[in-house]
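Novice: This is the structure, below, for whatever I ask next.
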Amino acid sequence: MPETATYDPTGLIAGDFPLKHSAVTVVSGAAVVRGAVLGVITASGKYKLSASAASDGSQVPVAIAAEAIDAAAADAVGPVYHTGEFNAAQLTFGAGHTAATVEASLRSRGQSLFLITLG
């Protein structure tokens, strides 16, 4: 069987762990860049950049933006990753989050999003 590979010129994807993705709604008010670490607002089910001090549920990191999603003027639908291995240096973290805090949160919930430090 032939071997296949994926080319990622941005360096965001850092390993061969299977990528699970879906389309989600990002809440209006901000543009999300590719590689942004997102949380989900409990009341609405909409996603936004995960900030550790938030109290709406989005403080818990659950996904990584697979592409830029422009929700500056209105809610927008875009793709996110729910599993995979990602280059920590290519991620965008919300206020109060670091690669270490995000990884700890993901591990405590058994989520298969892995942050890799390359170099």
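Novice: Go through the stretch 13-42 and count every residue that is more than 11 Å from the chain's Cα centre (by Cα) and in a strand (DSSP E or B).
Specialist: The qualifying residues number 9.
Novice: Here's something else I'd like to know. Would it be correct to say that Ala31 is out of contact with any Ser or Thr (no Cβ under 8 Å at 6 or more places or on another chain) and more than 21 Å from Leu118 (Cβ to Cβ)?
Specialist: For Ala31, the condition - out of contact with any Ser or Thr (no Cβ under 8 Å at 6 or more places or on another chain) and more than 21 Å from Leu118 (Cβ to Cβ) - is met.
Novice: Could you please let me know if Gly35 is on the phi > 0 side of the Ramachandran plot and either of a type outside the set (Val, Ile, Thr) or modelled with pLDDT of 95 or more (or both)?
Specialist: yes
The rows are residues; the columns are (1) aromatic (Phe, Trp, Tyr); (2) surrounded by fewer than 18 Cβ atoms within 10 Å (Cβ to Cβ); (3) within 21 Å of Ala14 (Cα to Cα).
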{"position": "Val26", "(1), (2), (3)": "no, no, no"}
{"position": "Ala31", "(1), (2), (3)": "no, yes, no"}
{"position": "Arg34", "(1), (2), (3)": "no, yes, yes"}
{"position": "Ser44", "(1), (2), (3)": "no, yes, no"}
{"position": "Ala65", "(1), (2), (3)": "no, no, yes"}
{"position": "Pro79", "(1), (2), (3)": "no, yes, yes"}
{"position": "Leu91", "(1), (2), (3)": "no, no, yes"}
{"position": "Ala100", "(1), (2), (3)": "no, yes, yes"}
{"position": "Gln111", "(1), (2), (3)": "no, yes, yes"}
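The values are calculated or read from the model by the stated rules, or taken from the named source; none is laboratory data. These numbers were taken from a predicted model, which means no experiment stands behind them. Glycine also receives a Cβ, built like all others from the backbone with ideal geometry; neighbour counts cover every protein chain displayed.
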